[in-house]
Amino acid sequence: MPNSSLRTSTPGTVLQVSALLPALEDALSEHFHTVRLTELPDPADYLRDHGKDVVAAVTSARVGVSDAVMDALPRLGAIVHFGVGYETTDVIRARARGIDVSNTPDVLTDCVADLAVGALIDVMRRMSAADRYVRAGNWGTTPFPLASRMSGKRVGILGLGRIGRAVAQRLDGFGAQVAYCTRSPVPGVDYRHLPTAEALAEACDALVVTVAGGHGTKGLVSAAVLDALGPEGYLVNVARGSVVDEPALVAAIEAERIAGAALDVFADEPNVPRGLLESDRVVLLPHIASATHETRAAMGDLALRNVRRFMTEGILLTPVPEASPTTH
């Protein structure tokens with residue numbers, strides 16, 4: 001529960017920890033006494049002198065709220081994330097202090113699922129590679145390599161939360177044979193369940209990663225999983241870069257132990273390993289799965305409503321689940 005002292009008789013300051021959608025930044029400044037931490041000449045001085053005034057923090061999913069910032073805010077009662085992910089904030093630590101945490105679920109599900117399926121089609125049909133081939137003036141001089149059909153293929157989904165289900169629903173329209181891996185079977189789901197990531201990879205032609213980020217899934221797509229996927233298998237990751245063992249992926253691509261990969265997320269963004277940059281069998285995207293006007297506007301609106309609800313009622317509209325890892 002949030003700190004009872006933060007009820008809105010004396011609401012206090014809202015701290016904007018990271019850059020946000022401009023419309024959200026404007027709304028926060030309009031409706032609340034908001035301080036933008038990154039725009040201060042000396043953020044550490046501000047936290048030391050005025051940290052006691054802050055009752056709510058708003059941040060992006062990529063930045064979160066660090067332990068150091070959290071410790072400098074003794075009256076903090078809420079951390080609002082612009083984004084569905086929140087692994088960049090130590091939620092257990094926050095809740096031990098009575099700080100509640102929210103994210104923006106659901107509103108980005110469709111766009112992320114759209115991009116996941118689009119990326120799968122792209123890498124299997126080699127659409128981006130074909131675009132480069134035409135632009136380079138190679139059409140009519142050298143034959144473009146044959147690609148792989150996507151319709152009717154066996155597609156494994158690693159993590160069947162909101163986004164995983166939305167991906168599966170889209171794949172149904174392509175006649176794909178969908179299977180999935182979660183800790184336990186999802187009630188009411190008819191898709192085939194497999195108990196491990198390695199078993200799922202071995203049973204499919206393409207593996208789409210939508211599983212939660214965080215320590216519990218770090219490196220889940222390991223060298224063994226990539227080997228199980230095999231030289232005719234494809235990997236799509238729209239979850240978190242940490243879920244894939246990136247050095248193992250680079251090695252698998254370079255040795256052609258998998259057919260290709262489409263990646264929207266990386267271990268150390270915006271840095272992408274040279275082995276991925278140099279491969280024509282890899283589709284590289286700059287973490288844009290939720291980057292549409294419609295979805296970002298909806299995310300900003302939900303984040304603002306979370307702040308407003310906390311500042312007026314002392315509760316959050318979409319608190320993150322208890323003892324649950326983050327999802328993309």
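Computed from the coordinates by the stated procedures, all read-outs in this text should not be read as laboratory data. Keep in mind that what you see is a predicted model, and the values were worked out from it rather than measured. FYI the Cβ positions are ideal-geometry reconstructions off the backbone, even for glycines, and counts take in every protein chain you see.
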>> Using a Debye calculation, one point per C-alpha and no hydration shell, please list log10 I(q)/I(0) for segment 109-284 at q = 0.13 Å⁻¹ in order.
In response: -0.59
> Under a plain spin-label model, where a point goes 7 Å from the Cα along Cα-to-Cβ, how far apart in nm are His33 and Thr142?
Replying inline: 6.5 nm
>> If I stretch the segment between Gln177 and Glu294 completely, what's the gain in nm (0.36 nm per residue apart, minus their alpha carbon distance), one decimal?
In response: 39.1 nm
> Given a Förster radius of 41 Å and the C-beta distance between Ala199 and Asp280 as r, what FRET efficiency does 1/(1 + (r/R0)^6) yield to the nearest 0.05?
Replying inline: 0.85
> Which part of segment 236-271 falls in the paramagnetic zone of Arg192, meaning amide N under 20 Å from the point 7 Å along Cα-to-beta-carbon?
Replying inline: 236, 259
> Amide H of Arg36: which non-local residues (sequence gap of 5 or more, or other chain) have their own amide H closer than 5 Å, using H built in the peptide plane?
Replying inline: Gln16
> Taking only DSSP H segments of four or more residues, each worth -39500 (n - 2.57), what value at 222 nm results for the chain once the sum is divided by all its residues, to the nearest 500 deg cm²/dmol?
Replying inline: -10000 deg cm²/dmol
>> Can you compute 3J(HN,Hα) from phi for each residue in segment 181-189, using the Karplus curve 6.51 cos²θ - 1.76 cosθ + 1.60 with θ = phi - 60°, rounded to whole Hz and x for Gly and Pro?
In response: 10, 9, 4, 8, x, 7, x, x, 9
> HN-Hα J couplings of segment 269-277 from phi, Karplus 6.51/-1.76/1.60, θ = phi - 60°, integer Hz, Gly and Pro as x?
Replying inline: 5, x, 7, 10, x, 4, x, 7, 4
>> As an exercise, identify the GluC sites (Glu not before Pro) in segment 219-328 lying in DSSP coil whose Cβ has no more than 11 other Cβ atoms within 10 Å.
In response: Glu232, Glu256, Glu278, Glu322
> Restricting attention to segment 112-195, which trypsin sites (Lys or Arg not before Pro) occupy a DSSP loop and are surrounded by at most 14 other Cβ atoms within 10 Å?
Replying inline: Arg149, Arg183
> What is the P(r) of the chain, as percent of Cα-Cα pairs per 10 Å bin from 0?
Replying inline: 6, 25, 29, 21, 14, 5, 1, 0
> Once you list every other residue whose beta carbon is under 14 Å from the beta carbon of Cys204, what net charge do they have if Lys and Arg are +1 and Asp and Glu are -1?
Replying inline: -2
> Whole-Hz Karplus ³J(HN,Hα) for segment 211-224, in order, using 6.51 cos²θ - 1.76 cosθ + 1.60 and θ = phi - 60°, x for Gly and Pro?
Replying inline: 6, 4, x, x, 4, x, 10, 4, x, 4, 7, 8, 4, 5
